[in-house]
Amino acid sequence: MNKGYIKVVLALLCVAGYMENVAFASEYVPTPSSSNEEYKRQLPSTPKKAKQKLSPVPKKINQQAHFIPIGFKQKEYFNPIRFKHFFCFNPIECKRQLSLKAKEAKHAEYIMAEALEIAKKHAIHTDDYKPYSKRNGEIVYFKKVNDTDIGKLVFTIPNPDNYDDIVNVLWNPNGEKKFNIVFSKGNISRIYNENLVIIQQIYNGTVWNVYYHAIAHKVELSEDETAILLVSSNMNDHNKFGDTNYINTIVESANSFTPDIDSEEDIRNGKLIKLYINLMVFFIKKEANDVKITHLCSIDHLGSPTIPQDNIRAMTAYKMLNFVELRDIFKK
């Protein structure tokens, strides 16, 4: 049995297990946890009014696909393992690695600026969005963008005073643990600044666990509105079976971003199946009587043409509708 056949079989087993979890999870309402200590240890706290403003976006950003910042050499990225190794012994190499990390951060910032412009466009409800799935009165809509599914969900949470806490839960890499029983854990793989990071999130499956890495960016759009965006690229996380040449069809500038990730042993040993976030966005807006959330989501679930399209949509819709459970957290 060749490696390609084995990988397809494993991917299909993973999907079967994941879909079983979807069916199981829909029957239960998880008990929310109030703990936020794990996240606080990973990132410094930010004063409410000190959120980072996003740098201006080039006017013709859609014409600059595969953008690489000036002076940034492809495949020359910050190496977290070399940095750890030479931190105390080779100050010259340390300085070089920190310089690479700074350039990498600028590249990531540019990608997320493009992602924000794309998200603003698709947050507008147009006729090409078609209803697909409904839970608790909320509907997920889908449309095709560059032959790729993108889902849209709009819902509200009572009491505008919950605005800051909602932002904090959605920005926390472990926040989903409060309302999604198949969520395992999240962590931060790289910190560029307190509002621009690379995160890793893992989900439990009956047969196989799945994970993704993504650039995560938090942007204050106004005093009463915040955007949180996630975008994956073909990051090198040393997964022995993760040699898929992923292409982000939604945020094209992400395709030139291939940083090195010092991932955990389960990923390196190929024990987890890799997913990719083409684009995931939360627009969180404080209104007179509630907090409005506009959620966009496009996920590459294993990147296999053998997975039925409707199964892919079902998995994405399930993940999106889980966020409606935030209401239960903030009712208390």
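Rule-based calculations on the coordinates, nothing more; no lab input. Bear in mind the structure is a predicted one, so any value in this text is a computation, not a measurement. Cβ placement follows ideal geometry from the backbone for every residue including glycine, while neighbour counts extend to all protein chains displayed.
Arrange the peptides 248-258, 214-224 so that the one whose residues have, on average, the most other Cβ atoms within 10 Å appears first.
248-258, 214-224
Note the full-extension length gain between residue 181 and residue 144 as 0.36 nm times their separation in residues minus their Cα-Cα distance, in nm to one decimal.
10.4 nm
Using 0.36 nm times the number of residues separating residue 121 and residue 247, minus their current alpha carbon distance, what extension gain do you get?
43.3 nm
What is the spin-label model distance, in nm, from residue 240 to residue 102 if the labels are put 7 Å beyond Cα along the C-beta direction?
Placing both labels 7 Å beyond Cα along the Cβ direction yields 3.9 nm.
Starting from the 7 Å offset along Cα-to-Cβ, what nm value, one decimal, do you get for the label separation of residue 311 and residue 266?
Going from the residue 311 label point to the residue 266 one covers 2.2 nm.
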